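Below: the structure, in structure tokens.
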Amino acid sequence: MPRYALGWADIALDHYLALPPDVQQLVDARISGLLELPDGPGTSYDPGTDHWTTTAAAGEVLMVYVFQVGLPRLVILRLVHF
């Protein structure tokens, strides 16, 4: 069972749903890892915004998200496909 529950900002979810199915699968795999270790390898924290970033699909997708240690929720705020 993942350590964090997943939440989506509306616009991020809309962008996710517009992705091709093969890219969605790669994003799903990255999100699965984030739900276990949201501050792990391949992530970056910006203290100015208090947001985290990571990529998926070999860098084709940028994800911006928030979470707090000890709280059970990770929220994807933005998802951009290049």
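The values are calculated or read from the model by the stated rules, or taken from the named source; none is laboratory data. Quick caveat: nothing in here was measured; it's all calculated off a predicted structure. A quick note on method: Cβ atoms are made from the backbone with ideal geometry, for glycine too, and the neighbour counts reach across all protein chains shown.
With respect to THR53, is the statement that it is modelled with pLDDT of 95 or more and under 24 Å from PRO20 (Cα atoms) true? Spelling it out, THR53 is indeed modelled with pLDDT of 95 or more and under 24 Å from PRO20 (Cα atoms). Considering every residue within the stretch 58-80, establish whether at least one is at pLDDT 95 or above, among the basic types (Lys, Arg) and surrounded by fewer than 17 Cβ atoms within 10 Å (Cβ to Cβ). Yes - at least one qualifying residue is present in the stretch 58-80. When the stretch 34-82 is filtered for residues that are touching a residue at least 24 places away in the same chain (Cβ under 8 Å) and of a type in the set (S, T, N, Q), the ones remaining, listed by number, are THR54, THR55.
Cβ separations smaller than 8 Å between residues 6+ apart or across chains give the following pairs from the stretch 12-33 residues that are among the aliphatic types (A, V, I, L, M) to residues that are loosely packed, with under 12 Cβ neighbours inside 10 Å: LEU26/ALA58. The condition of being on the phi > 0 side of the Ramachandran plot and either of a type outside the set (Ser, Thr, Tyr) or touching a Lys or Arg at 6+ places or on another chain (Cβ under 7 Å) (or both) holds for only one of ALA29, ALA58, ALA18, ALA9, that being ALA58.
Output the number of residues of the stretch 1-27 satisfying the condition of being under 21 Å from ASP39 (Cβ atoms) and either modelled with pLDDT under 95 or of a type in the set (Ser, Thr, Tyr) (or both). The qualifying residues number 4.
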